[in-house]
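Laboratory data are not the source of any read-out in this text; all were calculated from the coordinates shown. Everything numeric in this text was worked out from a predicted model, so none of it was measured. Using ideal geometry, Cβ is built from the backbone for each residue, glycine included, and neighbour counts are taken over all protein chains shown.
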Amino acid sequence: MRIIFLALVVSCVFGCSNNQQKATVVAGQQVVLEEVSAVDVVSLLADPEAYNGKEVVLTGTVVHVCKHSGKRLHLMGSDEKTKIRVEAGAIGKFERELEGSNIVAKGIFRREVIDEEYLAKWADELGKEGEHKSHEEQEEEQGKIKQYRQMMKKTEDGRLENFWVDGISFETVEEDVAI
């Protein structure tokens with residue numbers, strides 16, 4: 001019953017998907033959108049490469065909304081330990097009242113791999129931009145780079161991954177939306 005309800009909600013909220021590719025601009029980048037995939041948080045993070053850069057319809061429960069800006073929320077799926085950040089992007093702002101709500105969100109899934117190459121490039125760019133940043137800004141970024149390197153030492157493969165969704169739209173639903 002839940003799956004039928006979810007399918008009905010997704011089709012009503014986002015319309016029928018045709019198999020044509022279309023382009024849109026999300027977070028300042030033009031993205032070619034493929035067929036939309038409805039997925040829950042656990043499934044999405046279980047196979048992030050399959051969804052990277054693709055439009056997804058994500059289901060879950062809002063467990064946190066940034067109280068200062070409303071520019072992001074954290075969405076939990078069926079596993080209470082597994083969460084993902086949704087950036088407001090085209091949505092504009094999330095209201096704090098969303099906490100505890102079940103939602104269906106549409107957006108572009110992003111996966112960022114932080115490894116030594118990534119940090120070396122960041123440090124190099126920081127050196128080149130040094131004259132345009134204050135001493136405090138430079139120290140803050142150098143501190144972040146150092147912190148990432150320390151965190152990477154604790155991982156098996158010496159790298160970190162960052163996942164989020166650039167939001168396009170969302171709707172609240174009354175029913176539990178787990179797939």
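Among the lysines, which have Cα under 17 Å from the Cα of LYS146 when same-chain residues fewer than 8 positions away are ignored?
LYS121, LYS154
Kindly identify segment 40-94 as rounded, prolate or oblate by the Cα gyration tensor criterion: order the square roots of the eigenvalues as a ≥ b ≥ c, call it rounded if a/c is under 1.5, otherwise compare a/b with b/c, prolate if a/b is larger, else oblate.
Because a/c hits 1.5 or more and a/b fails to exceed b/c, segment 40-94 counts as oblate.
Order these peptides, 145-151, 38-44, 89-95, by their mean beta-carbon neighbour count within 10 angstrom, highest first.
Order by mean packing, descending: 38-44, 89-95, 145-151.
What ranking do TRP122, TRP164 get, fewest neighbouring Cβ atoms within 10 angstrom at the top?
The most exposed by this proxy come first: TRP122, TRP164.
For segment 58-147, just say rounded, prolate or oblate: build the C-alpha gyration tensor, square-root its eigenvalues into a ≥ b ≥ c, call rounded for a/c under 1.5, and beyond that prolate if a/b exceeds b/c, oblate if not.
Details: a/c = 2.76, a/b = 2.05, b/c = 1.35.
Here segment 58-147 falls in the prolate category.
On a full-extension model of 0.36 nm per residue, what is the gain between GLN138 and MET151, subtracting their alpha-carbon distance, rounded to one decimal in nm?
Full-extension gain reported as 2.7 nm.
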